[in-house]
Amino acid sequence: MKIAVIGATGFVGRAILSILEKNLNLSADSGNQIIPVASGRSINEKKSVPIAPFGSVQVVSCEDAIKEDPAFVLMSAPESVSKKWAPRFAENKAFVIDNSPAWRTNEEIPLVIPGITKWECDATKPVIIASPNCVATMLATAIYPLFRFGIDHVSASVFQAVSGSGMRGLIALEEESRKSAYYPHSPFVGQIFGNIIPASGREKDPLDPKRISSWNTEEEKVMREMPKILGSQLKISPTCLRVPIPYGHSAAVRVTFKKAFDSATIKQAFLDGSNIKIEDEPSPIHSVGHDYASVGRIRIDPYDKHVLEFFVSSDNLRLGAASNVVSIMDEVVKKVYTEALK
Ligand SMILES: NC(=O)c1ccc[n+]([C@@H]2O[C@H](COP(=O)([O-])OP(=O)(O)OC[C@H]3O[C@@H](n4cnc5c(N)ncnc54)[C@H](OP(=O)(O)O)[C@@H]3O)[C@@H](O)[C@H]2O)c1
């Protein structure tokens, strides 16, 4: 099986490579091969990425990768690259799994968290599958086990690490911490070092596209993506803030149920959920390197017995991106290849 990893020099791409190294048999006689892909800049610089057991593997362009006929294309590059290349790889019979926002809200394209999203993989047509935004993945993972208790609505204050904006976000934090001044190439609207800023600019209201509202782009992604992932009319109102930490997103979540509930039952539901770990003090720094959402501070609002409050942290590059993409690939292998062999 040939797997092209697009964006192999970036944060998410590198996390995907490290997961594939561990999960896949990459020995010479396995027939498995990884094709790392990056931009023209990296190709001109003859950049390579470490992939055990091959050592250093030179990156190639999308043009060269498509000639190799990969079976899977795991894309973690800018949205414009996905818009251009995902359909071409898919028409070339590859299963394309995309991490960018390019396809997430397209009605024809499934938006998948394995184990949560119900979806079919029709391999008779070109297949593009979208992986959700890192905040939506964390929140959907934490909220999914609570669904059966009847949720009325959810609100969340979300604290997003700078690496959620890719390499440029981390460079901005590092440069600003050295100079204590705004970094001119920052992806953020204001100085992030020593500060908290709205995650992005003002956008159209996702609930009424004709109206300009004060939802920022990250909030809009969460509001659009969560109902699609969960296959429900989930009402969620998030406040997304960018905070000056390198890795790991977090959220303080309030879930309003239709009926009063019992806290022991809710705790058990979290324990039974997949990719969830209950911890006394979840925090972004402790979530780094893990493929689960850490949930803690679980409590009932003393003024409203219908409201559950909890705190959740997860690694935005792993649970929020790389490990979800690899899990989708595993699900496709199961749905398409294993089913076909039966
Ligand atoms: N960071 C997160 O927490 C997160 C979570 C969920 C989803 N995502 C999404 O995942 C994608 C990647 O994010 P990231 O954080 O990994 O960004 P990043 O660290 O900035 O990396 C971007 C990658 O894209 C590559 N690239 C740029 N232009 C390309 C082109 N024309 N052809 C092929 N490759 C190209 C870059 O290669 P060069 O090194 O050559 O420039 C680099 O490898 C984005 O769409 C983002 O929205 C990110």
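Please compare each pair in LYS2/LYS84; LYS84/LYS235; LYS179/LYS221; LYS83/LYS235; LYS228/LYS334 to a cut-off of 25 Å on the Cα-Cα distance and tell me which ones are over it.
Exceeds cut-off: LYS84/LYS235; LYS179/LYS221; LYS83/LYS235.
Among GLN160, GLN268, GLN58, which one moves the most in a GNM of the chain with springs linking Cα atoms closer than 10 Å?
Checking each option, the largest mean-square fluctuation is seen for GLN268.
Lys/Arg Cβ at +1, Asp/Glu Cβ at -1, dipole of the chain taken about the Cα centre: which of GLY13, ILE171, ALA293 is farthest positive-ward?
The Cα lying farthest towards the positive end belongs to ILE171.
Whole Å is fine, so just give me how far the alpha carbon centre of the stretch 67-119 lies from that of the stretch 133-149.
Going from one Cα centre to the other spans 22 Å.
Quick one: net charge of PHE89's neighbours, Cβ under 14 Å, K/R +1, D/E -1?
Counting the neighbours of PHE89, the net charge comes to +1.
Calculate log10 I(q)/I(0) of the stretch 156-309 for q = 0.13, 0.16, 0.19 Å⁻¹, where I(q) comes from the Debye formula with a single equal point scatterer on each Cα and nothing for solvent.
The computed values of log10 I(q)/I(0) come out as -0.74, -1.04, -1.27.
When DSSP assigns beta bridges and you keep just the ones with both residues in the chain, what percent turn out antiparallel, to the nearest 5?
If I count the DSSP bridges inside the chain, around 50 percent turn out antiparallel.
Expressed as a whole number of Å, what is the distance separating the alpha-carbon centroids of the stretch 266-282 and the stretch 287-342?
11 Å
What does the charge dipole of the chain about its Cα centre add up to, to the nearest 20 debye, if the Cβ of each Lys and Arg holds +1 and the Cβ of each Asp and Glu holds -1?
320 debye
On the protein heavy atoms, probe 1.4 angstrom, tell me the percent of accessible surface of the chain carried by carbon and sulfur.
The computed percentage sits at 52.
Once the convex hull of the alpha carbons of the stretch 223-342 is built, what does its volume come to per residue, in cubic angstrom?
With only Cα atoms used, the stretch 223-342 gives 150 Å³ per residue.
What number, rounded to the nearest 500 deg cm²/dmol, is the helix-based mean residue ellipticity at 222 nm of the chain, given -39500 (n - 2.57) per DSSP H run of at least four residues and division by all its residues?
That calculation yields -8500 deg cm²/dmol at 222 nm.
On average, how much accessible surface per residue is there in the chain, in Å², for a 1.4 Å probe, leaving out ligands, DNA and RNA?
47 Å²
What fraction, in whole percent, of alpha-carbon pairs in the chain exceed 37 Å separation?
The calculated P(r) of the chain puts 18 percent of pairs beyond 37 Å.
The values are calculated or read from the model by the stated rules, or taken from the named source; none is laboratory data. Source: prediction; values computed, not measured. Methodologically, a virtual Cβ is constructed for each residue, glycine included, from the backbone with ideal geometry; neighbour enumeration extends over all protein chains shown. Calculation scope for accessible area: heavy atoms of the full protein, side chains included, ligands and nucleic acids excluded. Shrake-Rupley method; radii C 1.70, N 1.55, O 1.52, S 1.80 Å.
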